[in-house]
Amino acid sequence: MGILLTDIRIPRMSGIELASWCKEINTFIRMIFLTLYEKAEVENELKKYNLLDTELLQKPVHLNKLKECIKKHFRMIY
């Protein structure tokens, strides 16, 4: 269990690849991506890695929206 909060574009690998790797280790992990991309732009890559259950937050993210998103995912876990 847990929450992964990452950007889609990170050094050395994509955030989507990181999320896929984390999901292999922990199938119950919840994932939140911070991104400049629209969901439609990354949907094929999310499908490729079986990550359609992730949440995408458009940058710039308002702090209250981020807090609510994290709280929602904690409620799903616990």
Open item on the list: So L52 passes all but one of these: (1) modelled with pLDDT of 90 or more; (2) under 11 Å from the mean Cα position of the chain (by Cα). Which condition number does it fail?
Closed with: (1)
Task: Residues satisfying the stated conditions in region 22-38, i.e. surrounded by fewer than 18 Cβ atoms within 10 Å (Cβ to Cβ), farther than 11 Å from L56 by Cβ and touching a residue at least 12 places away in the same chain (Cβ under 8 Å) - done: C22, N26, F28, I29
TODO: List every residue pair whose Cβ atoms sit under 8 Å apart, with the two residues 6 or more apart in sequence or on different chains, where the first one lies in region 66-77 and is within 18 Å of D53 (Cβ to Cβ) and of a type in the set (V, I, T) and the second, anywhere, is modelled with pLDDT of 85 or more and not in a helix (DSSP H, G or I).
DONE: I70/I3; I70/L5; I70/I32; I77/G2; I77/I3; I77/F28; I77/R30
Task: Tabulated pairs, region 1-21, first more than 17 Å from K59 (Cβ to Cβ) and touching a residue at least 24 places away in the same chain (Cβ under 8 Å), second of a type in the set (K, R) and outside any helix (DSSP H, G or I), C-beta under 7 angstrom, 6+ apart or interchain - done: I3/R30
Task: Selection status of L63, aliphatic (A, V, I, L, M), modelled with pLDDT of 90 or more and in contact with a strand residue (DSSP E or B) (Cβ under 8 Å, 6 or more places away or on another chain) - done: no
Task: Selection count where residues are charged (D, E, K, R) and open to solvent by 90 Å² or more (accessible area, probe 1.4 Å), scope region 39-78 - done: 8
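The values are calculated or read from the model by the stated rules, or taken from the named source; none is laboratory data. All values reported here derive from a predicted model rather than from experimental measurement. Note that each Cβ is placed from the backbone with ideal geometry, even for glycine, and that neighbours are counted across all protein chains shown. For accessibility, only protein heavy atoms count, side chains too; no ligands or nucleic acids. Shrake-Rupley method; radii C 1.70, N 1.55, O 1.52, S 1.80 Å.
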